[in-house]
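Step one of this worksheet: look at the structure below.
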Amino acid sequence: MSSQPDKTIEALLLEKRQFPPRKSFQEQANVRDPSIYRKADRDFEKFWAGFARELTWYKPWKRVLEWKPPKAKWFLGGKLNASVNCIDRHVLGPRKNKAALIWEGEPGDQRLLTYRELLREVGKFGNVLKSLGVRKGDRVTLYMPMIPELPIAMLACARIGAIHSVVFGGFSAESLKDRINDQGAKVLVTADGGWRRGNVVPLKKISDDALSDTPTIEAVVVVKRTGQPVGFDPKRDRWWHELMAGASARCPPEKMDAEDPLYILYTSGTTGKPKGILHTTGGYLVGTYATTKWVFDLKDEDVFWCTADIGWVTGHSYVVYGPLANGATCLIYEGAPDTPARDRFWDLVERHGVTVLYTAPTAIRAFMKWGTEWPEKHDLSSLRLLGTVGEPINPEAWIWYQKNIGGGRCPVVDTWWQTETGMILITPLPGLTRTRPGSATFPFPGVRATILDPAGREVKVGGGYLAITRPWPAMLRTIWGDEERYVSTYWTKWSRDVYFPGDGAKRDKDGYFWLLGRVDDVMNVAGHRIGTMEVESALVDHSAVAESAVVGISDDLKGTAIAAFVILKEKKSGPPAAGLHDELRGHVAKKIGAIAKPDKLFFVADLPKTRSGKIMRRLLRDIAEGRVLGDTTTLADSAVVDTLKAQYEEKEA
Ligand code: ATP
Ligand code: MG
């Protein structure tokens, strides 16, 4: 069979299990009327304007959308302030003394901030930033642990019209320096350190290394978090607590244009050099507000916990802007899920009475590997809704989550979106959608998505490339400083009005969307284009497997061979049972067909992941093909690839 590199991706896995919303959930859900999809589709501008009207504006917009592909402007002429929408408007009403943030540090220390207290802190830090010379449009880099000062600093920037750029606290000095220089930041806010697995991450020290070559930085504000000694440059560095002590809490908000920038955030770098994604104020706030309200079904009584680090877009949209715009109570946790023990998450859920939990497949697969004894130690009955984001979720991991964490009673929302989209785009609505494990189901109302083949023809049923065919309010406006890359990366695959997210997907005969992984990772085996996700899911379907990564590697005979890297569930210890190797290969063949049977299969202890926890398959390909490793700067733990490399070479010898 000839290879057809442009052939549409095959759909192999058939998942038949279905979960309709339970009646008791449906009855109380924020969205219950299925006709909302039709109504929103018929007039999507009107639909989004409806949510926009629930927010607070200084001046109403004149036009909902101006779409000159590939450039969109939303809520033109409207004026608002994001911090006012996240705080002030609640302080003016009955939420004034409601908990906005419940925070717990890794060592177990706690803080609670009501909306009123949050307003005072944000006002004070807004004034601090002004005293350091920060003006509207200036960039402020935030390199901080998961402590309340991080959302406070973000909202303070939003209040005075500065553009914040959060750099995840796990990044190196080099990555921090590159990002500071890319955006030309004036001020850096950091901390002496943060807690991670009982150790201090020396953020100030890393910052000092980064700042040796960052000409635009004028001042550094340092939060005292861990208390260990740090270097201090008296001309440049200031303590957060000293500046705050003298600052007034009254900080009149800047009246921002709907299209004024709110923040820059770099993508997590799974596929290569990170892109500085620019989000603006009005549309972003409307999109995150609406999706938080409907997808997470948020109510005033909820305790919402999105476990993502604020350094990623999930933390921006669903720890900070979306939930606070809804007046929710949010839990923030500083540390690792296995500190002091592997039940830390479940301990947090029980003690704080978490009702809605939003986490990532990588975490769920780690919980699967550790076993059910950890969640079983805790009363998780406060939970009423579960969410996932970040990677495709394997059906078996979905079922595990639904059963062992959700007690079989909570709806699970698998939400697809990206740094670039700013908000959830493909997702179930928990009171309406009959879910299927592994499927993100349908586009959010008002959003239009489809599946296209390389030539731009629509794939009604089957696999292909995901495409978004209509603008949405929280969409990125550009890549900071690189308009050309913005156009070429996202808007040239088909035509300039169709957004290309870079992900493969399939649609079943009922119209459900199933994400198949990144287009870059699709394997071309004997003329068949196979997504990594389906082979991985077939492996995770076996009761011994917790996680797997599959890549296509060049093979002298077949052209491309399938290599699978498998992590087993921990349990009864000892090496994998004899015969398991062939059993797993056979399991894949049985589940999805002989064409997808891995040619090589390796048992490994760990996989190369980005700092956001996503599997970096391109590095596995490099290892398996004996190449020099590509860009590894966004890798979470470089020791993992060294171990894998040694193991791989030994097997091959
Ligand atoms: P880079 O673009 O630099 O490679 P990244 O794509 O990993 O980094 P993010 O914007 O954080 O950075 O991740 C978005 C990607 O995560 C999506 O394009 C998709 O591949 C994956 N993803 C997110 N949520 C889901 C989901 N629910 N199902 C399947 N894939 C998902
Ligand atoms: Mg991406």
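Values quoted throughout were computed directly from the atomic coordinates according to the rules given, and no laboratory measurement underlies them. It should be emphasised that the depicted structure is a prediction, and the values quoted were computed from it without experimental measurement. Cβ placement follows ideal geometry from the backbone for every residue including glycine, while neighbour counts extend to all protein chains displayed.
Would you work out if segment 131-203 is rounded, prolate or oblate? Take a ≥ b ≥ c from the square roots of the eigenvalues of the alpha-carbon gyration tensor; rounded if a/c is under 1.5, else prolate when a/b is larger than b/c, oblate otherwise.
Working: a/c = 2.62, a/b = 1.51, b/c = 1.74.
Judged from the Cα gyration tensor, segment 131-203 comes out oblate (a/c at least 1.5, b/c at or above a/b).
Which of the peptides 30-42, 501-513, 441-453 is most tightly packed, and how do the rest follow, judged by the mean count of other Cβ atoms within 10 Å per residue?
Details: 30-42: 13.5, 501-513: 19.6, 441-453: 21.3.
For the peptides 30-42, 501-513, 441-453, the packing ranking is 441-453, 501-513, 30-42.
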Inset, instruction - Rounded to the nearest 0.05, what FRET efficiency do Ser543 and Arg434 give with R0 = 25 Å and r taken as the Cβ-Cβ distance? Could you check? - result: 0.40
Inset, instruction - Collect residues whose amide H, placed 1.01 Å from N in the peptide plane, falls under 5 Å from the amide H of Arg196; neighbours closer than 5 in sequence don't count. - result: Val201
Inset, instruction - Using the Kirkwood radius over Cα pairs, work out the Stokes-Einstein diffusion coefficient for segment 191-262 at 10 °C and 1.306 mPa s, in µm²/s as a whole number. - result: 109
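Which number do you get for Rg(Cα) / (2.2 N^0.38 Å) in segment 144-288?
On the way: Rg = 15.7 Å, N = 145, 2.2 N^0.38 = 14.6 Å.
Dividing the Cα Rg of segment 144-288 by 2.2 N^0.38 Å gives 1.07.
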Legend entry - Estimated translational D of segment 527-619 in µm²/s (Stokes, Kirkwood radius over Cα pairs; 20 °C; 1.002 mPa s): 156
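Please give the length that would be gained between Glu649 and Glu376 if that part of the chain were fully extended, namely 0.36 nm times their separation in residues minus their C-alpha to C-alpha distance (nm, one decimal). Please report the intermediate quantities before stating the final value.
Details: separation 273, 0.36 × 273 = 98.28 nm, distance 4.03 nm.
Residue separation times 0.36 nm, minus the Cα-Cα distance, leaves 94.2 nm.
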Legend entry - Table column - 3J(HN,Hα) (Hz), segment 553-566, Karplus curve with 6.51, -1.76, 1.60, x for Gly and Pro: 10, 6, 9, 4, 7, 8, x, 10, 10, 9, 10, 10, 10, 10
Inset, instruction - Calculate the spin-label point distance for Ala455 paired with Lys98, positioning each point 7 Å from the Cα along the beta-carbon direction, and give it in nanometres. - result: 5.4
Legend entry - Table column - 3J(HN,Hα) (Hz), segment 252-265, Karplus curve with 6.51, -1.76, 1.60, x for Gly and Pro: x, x, 6, 7, 8, 6, 3, 8, 5, x, 9, 7, 10, 9
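Please report the antiparallel percentage of DSSP beta bridges with both residues in the chain, rounded to the nearest 5.
The antiparallel proportion sits near 60 percent.
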Legend entry - Cα-projected label distance for Ala578 with Glu27, points at 7 Å along beta-carbon direction, nm: 5.9
Inset, instruction - Please find the FRET efficiency linking Thr216 to Ala589, where r is the Cβ-Cβ separation and R0 is fixed at 51 Å, and quote it to the nearest 0.05. - result: 0.35
Legend entry - FRET efficiency for Arg89 and Asp556, using Cβ-Cβ distance with R0 set to 51 Å, rounded to 0.05: 0.20
Legend entry - Over 19 Å (Cα to Cα) - which of Lys590/Lys614; Lys460/Lys591; Lys130/Lys186; Lys299/Lys614; Lys177/Lys224 fall in this group: Lys590/Lys614; Lys460/Lys591; Lys299/Lys614; Lys177/Lys224
Inset, instruction - May I ask you to evaluate 6.51 cos²θ - 1.76 cosθ + 1.60, the Karplus curve with θ = phi - 60°, for each residue of segment 536-548 and list the ³J(HN,Hα) values in order in whole Hz, giving x for glycine and proline? - result: 4, 5, 5, 5, 5, 5, 6, 5, 8, 9, 9, 7, 8
Legend entry - Segment Lys255-Lys59, extension gain: residue separation times 0.36 nm, minus the distance between their alpha carbons: 69.7 nm
Legend entry - Intensity falloff of the chain expressed as log10 I(q)/I(0), Debye formula with alpha-carbon point scatterers, at q = 0.07, 0.11, 0.12 Å⁻¹: -0.43, -1.13, -1.37
Inset, instruction - State, to one decimal in nm, how far the label point of Asp43 lies from the label point of Asp637, with both points 7 Å from Cα in the Cβ direction. - result: 5.5
Legend entry - For segment 322-376 versus segment 172-201, the gap between their alpha-carbon centres in whole angstrom: 25
Legend entry - Estimated [θ] at 222 nm from DSSP helical runs (n ≥ 4, -39500 (n - 2.57)) normalised by residues in the chain, nearest 500: -7500 deg cm²/dmol
Inset, instruction - Enumerate the amide H contacts of Phe602 below 5 Å, restricted to partners 5 or more residues apart or on another chain; note that Pro and chain-start residues carry no placed amide H. - result: Ala564, Phe565, Val566
Legend entry - Mean-position separation - Cα centroids, segment 525-600 and segment 80-111, in angstrom: 46
